[in-house]
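What follows is one structure encoded as structure tokens, with my remarks underneath.
The values are calculated or read from the model by the stated rules, or taken from the named source; none is laboratory data. Values in this document were obtained by computation on a predicted structure and should not be read as measured data. Cβ coordinates were reconstructed from backbone atoms using ideal geometry, including for glycine residues, and neighbour counts include every protein chain displayed.
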Amino acid sequence: MQMKNGGSIRWINTAGFEICMANGKHILIDPFLSGKASDQIVCYPMNLDELEACDYLLLTHTHSDHAEDVGRIQKKFPRLNLFVGDLSVDALCEEQDLDCARIYRVRGGEVYEFDDLKIEAFSGRHTESPRGYRKTGKDYIRDGKFWPLQWYGNLEFFNYRLTLCDGTVVFLWGGMTSPDQKYKFRDMNANIAIMQVSPKQSFSEFAELAHAVKAQFVIPHHYDFTEKLFEAMPFMMDAMSEENKKSYVKDGVFQWKAYMEALAQAVRKESPETILLPLEHHRWYRFGFTCEAED
């Protein structure tokens, strides 16, 4: 029996995902098609030609590894609906020469409902850094000038709950785990939770958050970029906890397989009904309710 529900999902790279709903409409999240952060860091690039459609495009924040290719995508699909933070949108429009006609300036707590998609926005926060985030910091300078998108990317961050056309619920989460979030995001009742993984996170807080959102499947993301970063700049591992260094760094190399296995165990212990499901890059995965007769 062919069920006309669910849809398909693929992981592009970093926090970039593409969802094809049961009605054939496409949702794009945090596109970073080039995958190129520097000459040393290139993370699973995808050609623009591989995108067949884009009806909705959602940004969690405006850092280049999440929003770099919005302008190119809008030029290819000029009828797409673009969702970006209210504070960040002017800088994004200016830097990428965007058409603002179909832009939604997102604020936390807002709900956008279409005939085939419901989008709920929740204010979040970016991952922390030992050096902190100040507008005068060197991270926000490019070509000798202040780089507003990089600053707003730290200042303004969103998570989303999507209710697809068939009722499937997808929760998009990134940023920093913190003790408050398991209360803020509890009872999301997500079929799929797309959640950021970072060695800066606490296993227990991540597992508790996965349990709180009541997700059936957790799809991890962003750790691929961290892997490339650690390979190119091993000193970046210094920001991790001493426990993680001791457990997962061997001969100067971060042991990602062991780390992800331990994370999956932590999630399963805290939330036995939840499965951590890493995806292969650029490969489509089908999801949905099915019915088959038993033999």
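A few remarks follow.
Okay, residues lined up against (1) more than 23 Å from residue 111 (Cβ to Cβ); (2) modelled with pLDDT under 95; (3) of a type in the set (Gly, Ala, Ser):
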residue	(1), (2), (3)
16	yes, no, yes
19	no, no, no
52	yes, no, no
70	no, no, no
79	no, no, no
82	no, no, no
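- Against the conditions (1) in a strand (DSSP E or B); (2) hydroxyl-bearing (Ser, Thr, Tyr); (3) crowded, with 20+ Cβ neighbours inside 10 Å, residue 60 satisfies every one except (1).
- The one condition from (1) surrounded by 23 or more Cβ atoms within 10 Å (Cβ to Cβ); (2) out of contact with any Lys or Arg (no Cβ under 9 Å at 6 or more places or on another chain) that residue 85 does not meet is (2).
- Some residue of the range 193-206 being touching a strand residue (DSSP E or B) at 6+ places or on another chain (Cβ under 7 Å), closer than 22 Å to residue 15 by Cβ, small (Gly, Ala, Ser) and part of a strand (DSSP E or B): yes
- Scanning the range 102-127 for residues that are closer than 16 Å to residue 159 by Cβ, more than 15 Å from the chain's Cα centre (by Cα), without any contact (Cβ under 8 Å) to a residue 40 or more places away in the chain and surrounded by 15 or more Cβ atoms within 10 Å (Cβ to Cβ) yields 104, 110, 112.
- Candidates are the residues of the range 157-183 that are of a type in the set (D, E, K, R) and either crowded, with 24+ Cβ neighbours inside 10 Å or not in a loop (DSSP other than H, G, I, E, B) (or both); the one that is modelled with the highest pLDDT is 161.
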